[in-house]
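This report concerns only the one structure given below.
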Amino acid sequence: MPALSLPEIGFLSDISVDLRKMLSEQATELKLEPGEVLFEQGDIGDTLYAIISGAVEFSVLALDGRKLTLDMMRPGALFGEISLFDPGERTATATAVEPTRLCRVRHSDVLAQIRHQPDLAVDMIHLAGQRMRWMGRQLNEQVFLPLPTRLARKVLHLAPEDSTAPCKLTLSQAELAEFVGATREAVSKILSSWKRDGVIDGTRGGLVIVDWDALSMLAEPDQI
């Protein structure tokens, strides 16, 4: 079976040649339809996934039973890398939000390759470290940045890779509020202000980024 071609964007843009070769050779392809669940929160996981095309939403259930959306990942994103080192329960539910292609690499296959090529372990640790730093930055933003800045950053993050204005996001205000940990009313107020300033426009069931540069400036902390 020929090796899968991994996208060269996102986290996958900075991996070593040897690690890319190993992941490509060990990976199998998986296709998901919109709304199809890849795994549920609490499922036992032993697989790393990389997104080739499409988008995957990650969510958890709150104590009151509400679904809280944590993130949405697009091509070049990796998830499930911790399971390569320590297989265990998934901490969130992963659901395709559009037709999606994934490559998956199993824990046992990676360990077998590392035994033959120990230097790959260093590359894997480097990749895991990058992901941990990224998650740390996300947490710091959620705690310390004001809501308008968090919202601007999240809208930019959720936009497809290499997007240019106008760019449509099919997300409701309630969904955006879940992403940034705020109320729908607070998010609606900010979006209305951006719309008046010509930064975005509203559509049924989503928004359109009209001025990419202006939104990028709003995402910078010194623009508060």
Q: Kindly check whether there is at least one residue in the range 141-159 that is free of Cβ contacts under 8 Å to residues at least 40 places away in the same chain, loosely packed, with under 15 Cβ neighbours inside 10 Å and under 20 Å from Asp43 (Cβ atoms).
A: no
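Would you confirm whether or not the range 178-201 contains a residue that is under 15 Å from the mean Cα position of the chain (by Cα), over 24 Å from Ser216 (Cβ atoms) and either surrounded by 15 or more Cβ atoms within 10 Å (Cβ to Cβ) or modelled with pLDDT under 85 (or both)?
Checking the range 178-201: not a single residue is under 15 Å from the mean Cα position of the chain (by Cα), over 24 Å from Ser216 (Cβ atoms) and either surrounded by 15 or more Cβ atoms within 10 Å (Cβ to Cβ) or modelled with pLDDT under 85 (or both).
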Q. Of all residues in the range 126-169, how many are closer than 18 Å to Phe58 by Cα, among the β-branched types (Val, Ile, Thr) and modelled with pLDDT under 80?
A. 0
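Taking the range 167-177 only, how many residues are touching a residue at least 40 places away in the same chain (Cβ under 8 Å) and either small (Gly, Ala, Ser) or open to solvent by 50 Å² or more (accessible area, probe 1.4 Å) (or both)? Steps first, please.
Initial filter on the range 167-177 (touching a residue at least 40 places away in the same chain (Cβ under 8 Å)): 167-169, 175.
Filter again for either small (Gly, Ala, Ser) or open to solvent by 50 Å² or more (accessible area, probe 1.4 Å) (or both), leaving 168, 175.
Final tally of qualifying residues: 2.
Any chance the range 100-111 includes a residue that's closer than 19 Å to Leu32 by Cβ, out of contact with any helix residue (DSSP H, G or I) (no Cβ under 8 Å at 6 or more places or on another chain), modelled with pLDDT of 85 or more and open to solvent by 40 Å² or more (accessible area, probe 1.4 Å)? Give the derivation first.
Our first condition is that a residue be closer than 19 Å to Leu32 by Cβ; within the range 100-111, this holds for 100-106.
From what is left, the residues that are out of contact with any helix residue (DSSP H, G or I) (no Cβ under 8 Å at 6 or more places or on another chain) are 100-102, 104.
Add one more test, that the residue is modelled with pLDDT of 85 or more, and what stays is 100-102, 104.
So of that shortlist, the ones also open to solvent by 40 Å² or more (accessible area, probe 1.4 Å) come out as 101, 104.
Scanning the range 100-111 turns up at least one residue that is closer than 19 Å to Leu32 by Cβ, out of contact with any helix residue (DSSP H, G or I) (no Cβ under 8 Å at 6 or more places or on another chain), modelled with pLDDT of 85 or more and open to solvent by 40 Å² or more (accessible area, probe 1.4 Å).
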(Q) Considering only the range 16-39, I want to know if a residue exists there that is touching a Leu at 6+ places or on another chain (Cβ under 7 Å), at pLDDT 85 or above and aromatic (Phe, Trp, Tyr). (A) no
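Are any residues in the range 202-224 open to solvent by 80 Å² or more (accessible area, probe 1.4 Å) and in a helix (DSSP H, G or I), and if so, which ones? Full working, then the answer.
First, pick out the residues of the range 202-224 that are open to solvent by 80 Å² or more (accessible area, probe 1.4 Å): 204, 213, 217, 220, 222-224.
Listed by number, the residues that qualify are Asp213, Met217, Asp222, Gln223.
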Q: Pull up the range 55-80, narrow it to residues that are more than 22 Å from Leu127 (Cα to Cα) and among the small types (Gly, Ala, Ser), then point me to the one that is least open to solvent (accessible area, probe 1.4 Å).
A: Ser59
(Q) So in the range 29-47, with the set limited to residues that are closer than 15 Å to Ala92 by Cβ and assigned to a strand (DSSP E or B), which one is most open to solvent (accessible area, probe 1.4 Å)? (A) Ile44
Q) Looking at (1) assigned to a strand (DSSP E or B); (2) surrounded by fewer than 19 Cβ atoms within 10 Å (Cβ to Cβ); (3) in contact with a Leu (Cβ under 9 Å, 6 or more places away or on another chain), which is the one condition that is false for Ile51? A) (2)
Q) Taking only pairs six or more apart or across chains, which ones have beta-carbon atoms under 8 Å, a first residue in the range 16-28 that is within 15 Å of Glu81 (Cβ to Cβ), and a second residue that is open to solvent by 90 Å² or more (accessible area, probe 1.4 Å) and modelled with pLDDT of 85 or more? A) Gln26/Arg106
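The values are calculated or read from the model by the stated rules, or taken from the named source; none is laboratory data. It should be emphasised that the depicted structure is a prediction, and the values quoted were computed from it without experimental measurement. Quick reminder, even Gly has a Cβ in these numbers, built from the backbone with ideal geometry, and neighbours come from all protein chains shown. Remember, those area values only see protein heavy atoms, side chains included, never the ligands or the DNA or RNA. Shrake-Rupley method; radii C 1.70, N 1.55, O 1.52, S 1.80 Å.
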